Structure formats: C-alpha cells, structure tokens
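Colleague: Let me give you the structure first, and then I'll get to my questions.
Taken together, the values in this text are just the output of simple stated rules run on the coordinates, not laboratory data. Every value quoted in this text rests on a predicted model; they were computed, and no experiment measured them. Note that we place each Cβ from the backbone using ideal geometry, even for glycine, and neighbour counts take in every protein chain shown.
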Amino acid sequence: MSHNKSARLTLHSQLAALVRRKPVTAVPETTVREAVQTMEEHQTGSIAIVEPESGRPIGMFTLRDLRRHVAKGHCDLDRMLMAAAGQHGMVVLNWRSTIYQAALVMAREGVHHVVVVDASGRLAGVISQSDIYELQSGGGKAISGAIRGARDMESLIAAADDIRRLAERMLAEGTAAEPLTELISSLNDHLTARILELTRLEFALPRVQWCWLSFGSEGRFEQTLSTDQDNGLVFAAPTGGAPTLREAFLPFARAVNERLAACGFPLCKGNVMASNPELCLSLDEWEGKFQSWLQAANPQALLNATIYFDFRPLYGDETLAEKLRAWLLGTSVGGPLFLRFMAENALRVQPPLGLVRDFAYDKRGAFPHTIDLKASGSRLFVDVARILALANGVPATGTAERLRALAERGKLGRDDIDAVIDSFFYIQQLRLRQQQSGTPAGRDNRVDPERLNELDRYILKEAFKQAKKLQSRLQLEYRL
C-alpha cells in the first residue's frame, strides 16, 4: 500500500510543480513574425507577453490568435506587434494555486492556458490543458471535453453516466483509491460547473459577488460511486440586503439542485443544499452561523462542523470562500474549547478491532456481523485530520492533503504519515469495491471481513490500527 507522492503529481499539487520549463516570452514591441519564429523554435503553441522591466505578464499570443488575424486579412507579420495581436484577458494564477484550481478555471472560462506567476507577480510559466490532461486517464480527457462542449441537460446527463462507467471500469482495472476519487471529484466538479454555467443564463441573478460551495465528501475531494448532494451558496450583501438577495438566488439554486439530481446526484435527505434558505447566505451570515456553532458546542453544532467546515468553492467568485476560510481558521485557532469538544466527539467512535477476534462486528441492527467502512473506518481519519487542520491553520480540505500538510509542519510524524494515508485510501478502496458490486443501499459501505480474502483481512486490520494511532495523537493533543 504505497503512494509515493514525490514520484507523481496529483491534482492537488501546486502549479509550481507543473511548470517544467522556462516560459517562452515576447515583449509588446515584438512583431508577430518574431513571435511565431520563437514559438516554432521552442515547439510551443503559445507565447506570453511580458513587461520588459518587471517581467509581469500582460497578455498571451497563441496560434489561434494568429489564425484569427490571418483570416481577417489584415495581418502584416512584420508590422503587427504583440501589443495589438495578443489577448489581454488572460487567466492568471499564483504558483501556489493547485493544478485542480487551474483545471476548474479553464473549464469555467473556456480557455486553454493559464498564466502562472510567482509571489512577486513575475511570470513563472504557462500551463496548458494538455499539461493537465497528462494527469488524467484517456477516458477522463474525453469526458472533460464532452462536458465543456455540452449545451443542454441531455448531454450532461450522458456525461454523468460516462463518469460513473469510467470510474467503475478504472476500479475494476485496479486503479488506486486516491487517483480514482480525485478523478471522480474532478469530473463531477466540471459537470456541476457546467450546469451552473448553463443555468445562470436562464436567471436574472443579482449583480453581486457569489460563489457555489461544496461540503462534506465533495468538499474534501473524496466522492465515491454513491454520493448525494452537499452544497450551499455564499454571496456579498450590503447591510440589511441579504434577505432580498437570498430570494433572488433561491430559484436559481433550486434549478441547479434539480438538474444535479437528474444527473444522478440524489437530493440530500438532510436538505444540505443551496436551495435551502438556511444555506443560501451572505458572507456575514455564514460567519454568524459558524460562530453560533463554535459557541454552542452541542451535539448538533458538532455534527454541523463535520459537514460544513469541509467547504470549498466550486463556481463563482472564490474570494468569498477564501474570506470565509480565513475567518474560520482564525476563529477556530483561537477557540480551542470547541476543538476539544470536536476531539471528544471524534474519539467516541473506536476502530472496530476485537480483543479476542481480529474485528469487532455490529451485533445489533439490520446488518449484523458487518463493519461500516464509512462510519467506523474512513470517518476516523477524516475527523482527526479536520480537527488538527483547524487547530493548526491548515486551509486544505482533503483528508490526505490535511495529513500531509500537518506532517510538513511537524504536527504529525513524517515517517508514519504514508502508512496512515495508505490505510485511509485502502478503506476507501474497499468502499468503492462494495459500491461497485451492486450492494443494496444501506449496506453499500458495509463489509463482512470473513468474506474478504486473507490478505485483505490482514490489511484492513492494519489500517484500523493506523486509525487507532492517529486517534492517540488526538488524545495526546487534547489530553483526553
């Protein structure tokens, strides 16, 4: 069970890791002919236009631009300069942004390149769609393209079916849980973003900043084959203006939720959806809601924290989500009492290891002699990672990313972290296998260890031992 993260990039790697060569550049006074010759020399389809003094990017010129100018019939290659020939509405991301963020921005903006800048704003590189496609399977590329080109719900419903079929095929071929759940989440995000894109055209939405949020497993990039909706909406509002804006956003949110349901993401039974007025809130209202949970620390508040604190932006103005994340991290770091309550709550669920036999089974209920791989398995890792991330100001939402970040900061032992993460993903892999096998709803996260082969039983037992070690770290942290 080894996932050597230094050996391969994932969608959660920083863009800096994907910039493999020095960017090809031109200045505003460069002629089209000189730019095209430079592109030919470097075998690239694009060239970044930079300010000569500062090195800051101010535009892009691509072979598409060249074709456009030639088609118009007024392109003098020796006279037209980059200042006039290039596009200045480029998408710029900081090199600490993730590859995943770049993929989403490309899908949302319909562009084929993003410009990457360093901390001082200087050009660091240019990332293309093909660079990101190299991290995906062939089937993933085709589905991404189909989603991007979809113009109606029929096409998106077909794409959703293709995502499920691809995931099941990759699982059958032995694809590991981490890249598989990454792929599922990535494609589902593209699908949701396209639904939002098409649906917003049908509504006269308020002219304010707004952002669609993902919660729960979707917020953690940990979607499996069996998942319902967990989403919300945040918007910017002047003092006293939130109720009116909410009424304007709710019909749009309802339409999006219904279209997601049509694509195979069931409406959430707990109503954790943006069409719920309680989850379609201004930034101030979201902060107030989070604050009330942090102060209450009752069972419902603790449950809410496990769902909503794993939020991330999916579509819209991401700065709203970033402000909410910064507020939450700042507040939770200063509110150790709530985190202690969260820790106590997390430790109430023990790994199902037996004193005499290998495993402790559920003895009562509808599914005797089974183990719930979600509630008694993956959740143990998720809960500890969330609490320690909040306590240490880690902005990541994914469980593995949180654990790696904590290890980097010296909050978890680096030697042990790979074993912990591999154990988490082994349990995720078993969940995916159960869901693929056609197990009825209600048991699709359950397994009878005696039906596993000897090796799987052994690894599952070792995985639960790693969960126990991780919980011990939480006990030590909060002296419980």
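Colleague: Return Ser54, Ser214, Ser120 ranked ascending by Cβ neighbour count within 10 Å, so the fewest neighbours appear first. Walk me through the numbers before you get to the answer.
Modeller: Working: Ser54 12, Ser214 26, Ser120 9.
By the 10 Å Cβ count, ascending: Ser120, Ser54, Ser214.
Colleague: Give the relative contact order (percent, whole number) for region 15-133; include only Cα pairs under 8 Å separated by 6+ residues. Can you show the working numbers first?
Modeller: Values: 198 pairs, mean separation 36.0, N = 119.
With pairs under 8 Å counted, the relative contact order is 30 percent.
Colleague: I would also like to ask the following. Amide H neighbours of Arg312 under 5 Å, at least 5 residues apart or on other chains, H built in the peptide plane: list them.
Modeller: It is Ser214, by chain and number.
Colleague: If you don't mind, another one. List the trypsin sites (Lys or Arg not before Pro) in region 44-110 that DSSP assigns to loop (not H, G, I, E or B) and whose Cβ has at most 12 other Cβ atoms within 10 Å. Which are they?
Modeller: Values: sites: Arg64, Arg67, Arg68, Lys72, Arg79, Arg96, Arg108; in loops: Arg79, Arg96.
For trypsin sites (Lys or Arg not before Pro) across region 44-110 that sit outside H, G, I, E and B with at most 12 neighbouring Cβ atoms in 10 Å, the list reads Arg79, Arg96.
Colleague: Which far-off residues, 5 or more places away or on another chain, put their amide H under 5 Å from the one on Ile58, with H placed in the peptide plane?
Modeller: Those qualifying (amide H under 5 Å, at least 5 residues apart or on another chain) are Ile49, Val50, Glu51.
Colleague: Relative to the longest principal axis of the chain, what angle (0 to 90°, nearest 10) does the C-alpha long axis of helix 63-72 take?
Modeller: The answer is roughly 40 degrees.
Colleague: Another question, then. Treat the count of other C-beta atoms within 10 Å as a stand-in for reagent exposure and order Thr370, Thr38 from fewest to most. Please report the intermediate quantities before stating the final value.
Modeller: Working: Thr370 21, Thr38 15.
Arranged by neighbour count, lowest to highest, Thr370, Thr38 become Thr38, Thr370.
Colleague: Starting with the fewest neighbours, write out Ser97, Ser292, Ser226 ranked by other beta-carbon atoms found within 10 Å of each beta-carbon.
Modeller: Details: Ser97 19, Ser292 11, Ser226 16.
Result, fewest neighbours first: Ser292, Ser226, Ser97.
Colleague: List the pairs from Lys269/Lys461; Lys363/Lys469; Lys289/Lys461 whose alpha-carbon separation is above 28 Å, in the order I gave them. Don't skip to the answer; put the middle values down first.
Modeller: Numbers: Lys269/Lys461 33 Å; Lys363/Lys469 25 Å; Lys289/Lys461 39 Å.
In this structure, Lys269/Lys461; Lys289/Lys461 lie more than 28 Å apart at Cα.
Colleague: Relative to the present Cα-Cα distance, how much length would full extension add between Ala158 and Glu51 at 0.36 nm per residue of separation? Present the calculation step by step, with values, prior to reporting the outcome.
Modeller: Working: separation 107, 0.36 × 107 = 38.52 nm, distance 4.54 nm.
Here the segment from Ala158 to Glu51 would lengthen by 34.0 nm.
Colleague: Across region 258-265, in residue order, what do the Karplus-derived ³J(HN,Hα) couplings come to in whole Hz, using 6.51 cos²θ - 1.76 cosθ + 1.60 with θ = phi - 60° and x for Gly and Pro?
Modeller: 5, 6, 5, 4, 5, 8, x, 9
Colleague: While we're here: What's the center-to-center distance, using Cα atoms, between region 197-269 and region 366-384 in Å?
Modeller: Their Cα centres are 29 Å away from one another.
Colleague: Further question on the same structure: Kindly state, to the nearest 0.05, the FRET efficiency for Glu109 paired with Arg79, given R0 = 30 Å and r defined as their beta-carbon distance.
Modeller: Details: r = 31 Å, r/R0 = 1.03.
Once rounded, the FRET efficiency stands at 0.45.
Colleague: Mind checking the angle between helix 153-172 and the chain's longest principal axis? C-alpha axes, 0 to 90 degrees, to the nearest 10.
Modeller: 60 degrees
Colleague: Additional query: Going by alpha carbons, how many degrees (0 to 90, nearest 10) lie between the helix axis of 454-478 and the longest principal axis of the chain?
Modeller: It is inclined by approximately 90 degrees.
Colleague: If each DSSP helix of 4+ residues adds -39,500 (n - 2.57) and the sum is divided by the residues in the chain, what number results at 222 nm, nearest 500 deg cm²/dmol? Walk me through the numbers on the way to the answer.
Modeller: Numbers: 19 runs with 248 residues, N = 480.
The helix-only estimate for the chain comes to -16500 deg cm²/dmol at 222 nm.
Colleague: Also, I was wondering about something else. Please state the relative contact order of the chain as a whole percent: Cα pairs under 8 Å, 6+ residues apart?
Modeller: Numbers: 693 pairs, mean separation 58.5, N = 480.
Answer for the chain is 12 percent.
Colleague: Summing Lys, Arg as +1 and Asp, Glu as -1, what charge do residues with Cβ under 11 Å from the Cβ of Cys75 carry, Cys75 excluded? Before the final figure, lay out each step's value.
Modeller: Details: positive: Arg33, Arg67, Arg68, Lys72, Arg79; negative: Asp65, Asp76, Asp78.
Net local charge, Cys75 excluded: +2.
Colleague: Quick one: Cα centre-to-centre distance for region 299-322 and region 25-92, in angstrom?
Modeller: Rounded to whole Å, the Cα centres lie 41 Å apart.
Colleague: What FRET efficiency comes out for Arg414 versus Glu247 if R0 is 56 angstrom and r is the Cβ-Cβ distance? Round to the nearest 0.05. Could the numbers behind the result be given before it?
Modeller: Values: r = 51 Å, r/R0 = 0.91.
The computed FRET efficiency comes out at 0.65.
Colleague: Determine the percent antiparallel among the DSSP beta bridges restricted to the chain, to the nearest 5.
Modeller: 75 percent
Colleague: Whole-Hz Karplus ³J(HN,Hα) for region 45-56, in order, using 6.51 cos²θ - 1.76 cosθ + 1.60 and θ = phi - 60°, x for Gly and Pro?
Modeller: x, 8, 9, 8, 9, 10, 5, x, 7, 8, x, 7
Colleague: How long is the gain from Phe367 to Ala142 if the chain were fully straight, where each residue apart is worth 0.36 nm and the alpha carbon distance is subtracted? Intermediate values should be presented prior to the final figure.
Modeller: Working: separation 225, 0.36 × 225 = 81.00 nm, distance 4.00 nm.
Gain on extension, Phe367 to Ala142, equals 77.0 nm.
Colleague: In whole percent, what relative contact order does region 340-478 give with Cα contacts below 8 Å and a gap of six or more residues?
Modeller: Details: 145 pairs, mean separation 45.8, N = 139.
RCO, region 340-478: 33 percent.
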